[in-house]
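The structure under discussion appears below in the form of structure tokens.
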Amino acid sequence: MFEAFRGGPSSARLHARLAATCLAVSLVIPRIAAADEYHLGSQDKLTIRVAEWQTVEGTFRDWSAVNGEYTVGPAGTLSVPFVGELPASGKTTSEVAAAIGEALQRKLALSDRPEASVEMAQFRPFYISGEVQTPGQFPFVPDLTVLKAISVAGGIRRIADYGPQLGKDLVTAKGNFDIYDDQHVRLIVRRARIDADMADKTSFEVPKEVEGDPRLPTIVADEMTILAADQKALKLKLEALDDLKGVLQAEIESLQKKVVNQQKQVDLAQQQLAGIGPLAQKGLVANSRLLDSQQTVADLQGKILDYETAILTARQSISKATQDAIDARNSLSSTLAVDRQQTEADLNEAALRVNMQKGLMVVANDPSIRAASDSDQPSLVYSLVRVVNGKSSEIAAQENTPVLPGDVIKVRLAPMASQ
């Protein structure tokens, strides 16, 4: 039998087909090598650290305002303070780090380029559906294969479970669908509220993609309350700072009037001193009176200096109040930017969960699967749904096929043979 397998035209053709199949699989499903060769995608979480070498001082400056954990958004971008929206999808961590350093140096006109470090904090998850014990979303780990993923999901569903489990699966999938769909609608409205808040609008329109949903009145009312609270808090803080600046300006004007009046008294005292001086030299006036006049002039001039110092202090306080107002606006803008980025990530995840639960409901209602509950051993078919260059495609897979972050693994019963 082995001799027959090694020789003959049919054997050669079989070897050729096997070689071609292996080559196609290796091209379509690349393995993840080192982390720096991994190409980022939506939902990947990164840890970013930035430091700048200051040549003049000979020290490092830590950019605490930039350092932190970031999530690649649905559009494939990172929102980084002082940099803005930075393309990340399809890039490696080292490429993103270089782009951050260059953007900071260019935008802030720095003499030295800041050094950015970008590390993977968490790969985007993978999903598994179909004939497994616990379908759903799971954290990705390197060197993951279809078989390992099935193990993470609790293994293949037992035959004894098919009949009663199908009904449970349908109820569970329907319940989960309702939960994720509600979350999806809420996130869409939240995104609209954040956009309105960032644009200083007092209200927002309901997104067309959720128009007519019966849950909208309550969801919109909740988000409008948050919008009004944010804007009211900022308005009250800015009004308080404006009032403080008004009080300080009035104090400056009052001090300036005091300086004018004090200067008049100095002029009069100096005139009086000028008249006493010659008389004191002739012995017509006591020297004590001359000294008293000189002391009076000095005291009056000292008060003028006190008033001018108070004016300077008030002006510094006005400058600080102005900066506090700017900081309050920037702080709200920064918070809203982070909230929007997180909302986009959550929205993308909710959409994937909704679609997954739809698929689970379809599977639970599949007649071929119900028929398979009477068989002794099910025949399973594996496939991967993968997004490459923005396009989704389904790839046939085996148990040892590598899984990439973001993949959806489908585990299905093979179609029943026709009788």
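Couple of notes before you dig in:
- Portion, in percent, of the accessible area of the stretch 192-263 that falls on carbon or sulfur, probe 1.4 Å: 56
- The amide H of Ala397, built 1.01 Å from its N in the peptide plane, has Tyr382, Ser383, Leu384 as neighbours under 5 Å, considering only residues 5 or more places off or on other chains.
- Rule-of-thumb Rg ratio for the stretch 41-101 [Cα; 2.2 N^0.38 Å; N residues]: 1.21
- When each of the peptides 294-303, 89-98, 39-48 is scored by the mean number of other C-beta atoms lying within 10 Å of its residues, the order from highest to lowest reads 39-48, 89-98, 294-303.
- Mean projection of the Cα convex hull over all viewing directions, computed for the stretch 209-268: 5.6 nm².
- Built amide H within the under 5 Å cut-off of Glu115, gap 5+: Ala51, Glu52, Trp53
- Charge dipole magnitude, Cβ of K and R +1, D and E -1 - the stretch 320-366, Cα centre, debye nearest 20: 80
- A protection proxy built from the mean count of other Cβ atoms within 10 Å ranks the segments 185-191, 387-393, 80-86, most packed first, as 185-191, 80-86, 387-393.
- The stretch 88-162 pair-distance distribution - Cα-Cα, 5 Å bins, rounded %: 3, 13, 17, 12, 10, 9, 8, 7, 7, 5, 4, 2, 1, 1
- Computed on protein heavy atoms with a 1.4 Å probe, the accessible areas place Met224, Met356 in the order Met224, Met356, largest first.
- The stretch 225-264 and the stretch 94-134 have Cα centres separated by 44 Å.
- As a rough guide to protection, the peptides 331-343, 236-248 ranked by mean Cβ packing within 10 Å, highest first, stand as 331-343, 236-248.
The values are calculated or read from the model by the stated rules, or taken from the named source; none is laboratory data. Keep in mind that this is a model prediction, so the values were computed, not measured. Virtual Cβ from ideal backbone geometry, glycine too; neighbours counted across all protein chains shown. Calculation scope for accessible area: heavy atoms of the full protein, side chains included, ligands and nucleic acids excluded. Shrake-Rupley method; radii C 1.70, N 1.55, O 1.52, S 1.80 Å.
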